[in-house]
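**Student:** Have a look at this one.
The values are calculated or read from the model by the stated rules, or taken from the named source; none is laboratory data. Treat the numbers as computed from the prediction; the structure is a model and nothing was measured. Here the Cβ positions follow ideal geometry from the backbone for every residue, glycine too, while neighbour counts run over all protein chains shown.
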Amino acid sequence: MKMQDIADLAGVSIATVSRVINQPEKVKIETRLKVQKILEQTNFVANAVARGLVVNSMKTIGVLTVDIRDLYFSNIIYTIERQFTDLGYNVILSNTGGELGEKKKYLLVMLEKQVDGLILVGSVFKERSGNKHILEASKNVPVILVNSFLEGDNIYSVLCDDAYGVKEAVNYLVNQGRKDIYYFTDTKSASGLAKLEGFVLGMKENGLNETNIIEVSRDLEGGIKGSEQLVADNRKVSAVICGEDLIAIGAMKAFTGLGRKIPDDVGFIGYNNSILAQTATPTLTSVDNMAAAMARQAVELLVDTLQHKQVSKKIVLTPSLLVRESTNLSSK
């Protein structure tokens, strides 16, 4: 018999059955007695799954991401899975896609699987329209947000200061004497908006035009089309900063095709310090947003929370700029 069967017999939710087993004092007395009676009648607490529930640990962690194909997300998830495996935990991964309905569905699926905790990878899980589904999930298990922040009693965050990362990229280019700097923005997620904020702040502080912003898609084609737009508008360009490495590579491809020399005529900076940045030609200067470090920190945070240790609600890591051929004038 599964927990869903117990819930159906009692006319309650799976979450309520779980609370009766783990935290009975938090359940109304009449509901608690009804569920406990069915548990006794079915001998549910005697089976192996229930024994795991009674000690409040199935040694299983739920990890959600919107697109496992994305190098940034996949690198974080790989580190999370390896870390938990070394600690003796199992990991269940859900690839939710970007639709809110799917995100909600897979959160419920994870709770039905009786995971000990949840890790949501990417700021795209924080919705501008409301986050009741995450708050509800956190009533049952601790929730860790990777590169996002949400206020909640049982919600914890590990994030990169993306605004700082882009602002420092602007400062680096300005110190090279570049002034006609543009930013290719690709998403309105919390992280995307923070990057945009960093660009605007960096440009303002240096007395430059903070409106030099082009909206593009989050792929190679986005970088190409953004560059074509700059050329079609006859814009003077000395550097382009992109919110993703892949976009920056597309931009470099476009400008190279137009006969522009990199980094002499135009410099390029990407974001994430992915393997793409290291293998591009020329190699791409990129902001390292500490993806692996965020993953390790998220694992440590969740494990400490499960062990009832005192932890920080919000941990912020500082990114760094890795200079390569796409901006390095001294290498010429």
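**Student:** Restrict the check to segment 153-174 and report whether at least one residue is of a type in the set (Phe, Trp, Tyr), over 24 Å from residue 330 (Cβ atoms) and in contact with a strand residue (DSSP E or B) (Cβ under 6 Å, 6 or more places away or on another chain). Give the derivation first.
**Tutor:** Of all residues in segment 153-174, those of a type in the set (Phe, Trp, Tyr) come to 156, 164, 172.
Keeping just the survivors that are over 24 Å from residue 330 (Cβ atoms) gives 156, 164.
From the residues that got through so far, the ones that are in contact with a strand residue (DSSP E or B) (Cβ under 6 Å, 6 or more places away or on another chain) too are 156.
The answer is yes; a qualifying residue exists.
**Student:** If you don't mind, there's one more thing I want to ask. Can you name every residue in segment 15-57 that is closer than 22 Å to residue 307 by Cβ, at pLDDT 75 or above and either exposed (fewer than 12 other Cβ atoms within 10 Å of the Cβ) or of a type in the set (Asp, Glu) (or both)?
**Tutor:** Those that are closer than 22 Å to residue 307 by Cβ, at pLDDT 75 or above and either exposed (fewer than 12 other Cβ atoms within 10 Å of the Cβ) or of a type in the set (Asp, Glu) (or both): 25, 26.
**Student:** Can you tell me which residues in segment 323-332 are assigned to a helix (DSSP H, G or I) and touching a Pro at 6+ places or on another chain (Cβ under 8 Å)?
**Tutor:** 329
**Student:** On to the next question. For the list (1) outside the structural domain of residue 65 (by TED's automatic domain parsing); (2) under 17 Å from the mean Cα position of the chain (by Cα), I need the number of the one condition that residue 179 fails.
**Tutor:** Just one mismatch for residue 179, condition (2).
**Student:** Related question: Within segment 130-181, how many residues turn out to be out of contact with any Lys or Arg (no Cβ under 7 Å at 6 or more places or on another chain) and among the hydroxyl-bearing types (Ser, Thr, Tyr)?
**Tutor:** Looking only at that region, the number is 3.
**Student:** Another question about this same structure. So which of 157, 191 ends up being polar (S, T, N, Q), under 20 Å from the mean Cα position of the chain (by Cα), within 29 Å of residue 250 (Cα to Cα) and modelled with pLDDT of 90 or more? Walk me through it before giving the result.
**Tutor:** Working: 157 fails: within 29 Å of residue 250 (Cα to Cα).
The conditions single out 191.
**Student:** For segment 262-279, how many residues are of a type in the set (A, V, I, L, M, F, W, C), buried (at least 23 other Cβ atoms within 10 Å of the Cβ) and farther than 16 Å from residue 181 by Cβ?
**Tutor:** Start the filter on segment 262-279 by keeping residues that are of a type in the set (A, V, I, L, M, F, W, C), which leaves 262, 266, 268-269, 275-277.
Retained after the next criterion (residues that are buried (at least 23 other Cβ atoms within 10 Å of the Cβ)): 266, 268-269, 277.
Remaining after also requiring farther than 16 Å from residue 181 by Cβ: 277.
Residues meeting the conditions: 1.
**Student:** Out of segment 166-204, which residues are under 29 Å from residue 124 (Cα atoms) and of a type in the set (D, E, K, R)?
**Tutor:** 167, 168, 186, 188, 195, 197, 204
**Student:** In this structure, does residue 186 turn out to be surrounded by fewer than 19 Cβ atoms within 10 Å (Cβ to Cβ) and not aromatic (Phe, Trp, Tyr)?
**Tutor:** The answer is no for residue 186.
**Student:** Just the residues that are closer than 18 Å to residue 246 by Cβ and loosely packed, with under 15 Cβ neighbours inside 10 Å, please, taken from segment 75-109.
**Tutor:** Matches in segment 75-109: 98 only.
**Student:** Continuing with this model, one more query. Which strands (runs of 3 or more DSSP E) sit wholly inside segment 249-322 and have at least 3 residues that are in contact with a strand residue (DSSP E or B) (Cβ under 7 Å, 6 or more places away or on another chain) and among the aliphatic types (A, V, I, L, M)?
**Tutor:** Per the criteria, 314-317.
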